[in-house]
Amino acid sequence: MYFVAAVLAVLSGLFYAASHHEIGSLGATMCSYGGTFCDNPFLVLVGAGLAAAWGMFVSVR
């Protein structure tokens, strides 16, 4: 789950950069397919936080 949380955190940053037109044509493609996440990348960051919390909750040591 920590891997999923890390991937979602990176995706949140990419959607943030795409919404501010900082990554060129890749950003335009990302926003055409994931417009909701370009409008509000905080949703993906919340998902990353929930995945990390779930990973901490179910980890067995």
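Name the one entry in A5, A17, A9, A48 that is assigned to a helix (DSSP H, G or I), more than 8 Å from the chain's Cα centre (by Cα) and under 30 Å from S59 (Cβ atoms).
Numbers: A17 fails: under 30 Å from S59 (Cβ atoms); A9 fails: more than 8 Å from the chain's Cα centre (by Cα); A48 fails: more than 8 Å from the chain's Cα centre (by Cα).
Criteria check complete, one pass: A5.
Pairs needed: first member in region 1-27, over 16 Å from A52 (Cα atoms); second member anywhere, open to solvent by less than 50 Å² (accessible area, probe 1.4 Å) and among the hydroxyl-bearing types (S, T, Y); C-beta distance under 9 Å; at least 6 residues apart or different chains.
From residues that are over 16 Å from A52 (Cα atoms), the pairs are G27/S19.
Look at A28 and say whether it is part of a helix (DSSP H, G or I), among the aliphatic types (A, V, I, L, M) and modelled with pLDDT of 95 or more. Outline the logic, then answer.
Details: part of a helix (DSSP H, G or I): yes; among the aliphatic types (A, V, I, L, M): yes; modelled with pLDDT of 95 or more: no.
No: the conditions fail for A28.
The values are calculated or read from the model by the stated rules, or taken from the named source; none is laboratory data. All values reported here derive from a predicted model rather than from experimental measurement. Because the Cβ atoms are built from the backbone with ideal geometry, glycine has one as well, and the counts that use them run over all protein chains shown. Side chains are part of the model used for accessible areas, which takes the heavy atoms of the whole protein and leaves out ligands, DNA and RNA. Shrake-Rupley method; radii C 1.70, N 1.55, O 1.52, S 1.80 Å.
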